[in-house]
Amino acid sequence: MVGVVAEVEAPAPAPAAPGRRWLRVLRLAVLACCALVLLVPAALIVVRLGGLDDGTDLALPVAGVPYVALLSVLVVFTTALLRARALAAVAVALTAVQLFWLVPRFVGDGGGVPTSAPRLRLATSNAYLGQVDPAALVRLAREERVDVLAVEESSPKLAEGLERAGMAGVLPYKVAGPHSDTALYSRLPLSAARVPDAPFSDDPTSAEVSVEGRTVRIVAVHTYYPLGDSRKWAAGFDAIRSDVAGRTRNAVVLGDFNATLDHTPMRRLLGTGLTDTHAELGRGFDGTWPADRPVLPPVLQIDHVLHGDALKAVTVAERTLPGTDHRAVVAELAVTG
């Protein structure tokens, strides 16, 4: 008897459930979006490393470096969650570069300040074309016990308003050119002043004060804004560097720089021997602009107090004043050298 062996066919694989197909499509779509998002930090890293924002319109996106870094961190978690190892590795590398730049601004240097060192309290306020409330500015100077105040975008009308509000009784000494938009007010006598020749000039306004026998050079600056003219903005930094070159040790450079710590001209200025007070105290992300939006908080730190090696930061804070789109910055420095 011949046995008959029946050939049994293997069952066909079951078609993928529609839900699983959509999950795969969604995963691929999310990963594609992550890849596109990573092009932004990659481009900004190239711009920052190459200094390509110096005098170009690339200065505008560079202002967003801290926020792009946050986006990169989100991509790291997303790609890791989706187990896209190659893309996650790229995201980690890009994020690491950005955090290398940014994290030090969150961490103070930890250095102690000698209690015997005399203190110098400074403030800077962009007056928004002279529209800041003069009484509020005088009140700031009085309540914060300011020794030297730099006012950018001042005007003859504002100067008169400050006089009526009693500025002379708080900060009686003043340096300002007849056509300058930047003025220095001081509780201490000012000497060796130099003022710019024209409104919105890139030349800084400078003077010297004596703090318990130690000379401190104060330089008030207001650079042009890069959105208006990036070349003029960069030229303003050239003028500041020229003014402070070789004289940064006992200098304070403060004002509206229209630049963050990521911009190439600002980094080059810091490279002359200056330290940013906010970053020194671990507050490198305290926004100062815009301060006049009802919903949006200040997202960019473009107002700074920089100082040389003969000074050390003690405190720094921002104050909102009516009538201006910048927050005022108030800093206390110890004169240690």
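The values are calculated or read from the model by the stated rules, or taken from the named source; none is laboratory data. All figures in this text were calculated on a predicted structure; none of them were measured in a lab. Note: ideal-geometry Cβ built from the backbone for every residue, glycine included; neighbour counts use all protein chains shown.
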task: Considering only residues that are among the polar types (S, T, N, Q) and in contact with a Gly (Cβ under 7 Å, 6 or more places away or on another chain), look in segment 226-277 and name the one that is nearest to Val103 (Cα to Cα).
output: Thr264
- prompt: Can you name the residue in segment 107-134 that is surrounded by fewer than 17 Cβ atoms within 10 Å (Cβ to Cβ) and without any contact (Cβ under 8 Å) to a residue 60 or more places away in the chain and is also nearest to Thr288 (Cα to Cα) among such residues?
  reply: Leu129
query: Can you name the strands (runs of 3 or more DSSP E) wholly within segment 117-178 that have at least 3 residues being under 29 Å from Lys312 (Cβ atoms) and out of contact with any Asp or Glu (no Cβ under 7 Å at 6 or more places or on another chain)?
result: 148-152, 173-175
message: Considering only segment 110-122, I want to know if a residue exists there that is under 20 Å from Arg283 (Cβ atoms), basic (Lys, Arg) and out of contact with any Phe, Trp or Tyr (no Cβ under 8 Å at 6 or more places or on another chain).
response: yes
- line: Flagged pairs (Cβ under 6 angstrom, 6 or more apart or on separate chains; first in segment 144-157, within 14 Å of Tyr128 (Cβ to Cβ); second crowded, with 24+ Cβ neighbours inside 10 Å and among the polar types (S, T, N, Q)) are Val151/Ser125; Glu152/Asn126; Glu152/Thr182; Glu153/Asn126
- request: Need at least 2 residues that are surrounded by fewer than 18 Cβ atoms within 10 Å (Cβ to Cβ) and either at positive phi or not assigned by TED's automatic domain parsing to the domain that holds Glu144 (or both) per element, so show me which strands (runs of 3 or more DSSP E) inside segment 260-337 make the cut, counting only ones lying wholly within it.
  value: none
- prompt: Is one or more of the residues making up segment 171-182 within 21 Å of the chain's Cα centre (by Cα) and either closer than 25 Å to Gln301 by Cβ or free of Cβ contacts under 8 Å to residues at least 60 places away in the same chain (or both)?
  reply: yes
query: Has segment 107-115 got at least one residue that is touching a helix residue (DSSP H, G or I) at 6+ places or on another chain (Cβ under 6 Å) and more than 30 Å from Thr320 (Cβ to Cβ)?
result: no
- request: Quick one: Leu188 ticks every box in (1) at pLDDT 95 or above; (2) touching a strand residue (DSSP E or B) at 6+ places or on another chain (Cβ under 8 Å); (3) buried (at least 19 other Cβ atoms within 10 Å of the Cβ); (4) among the hydrophobic types (A, V, I, L, M, F, W, C) except a single one, so which number is it?
  value: (3)
field: Meets criteria (surrounded by fewer than 15 Cβ atoms within 10 Å (Cβ to Cβ), at positive phi and more than 26 Å from the chain's Cα centre (by Cα)) for Ala168
entry: no
message: Taking the condition of being in a strand (DSSP E or B) and touching a helix residue (DSSP H, G or I) at 6+ places or on another chain (Cβ under 7 Å), how many residues in segment 205-258 meet it?
response: 5
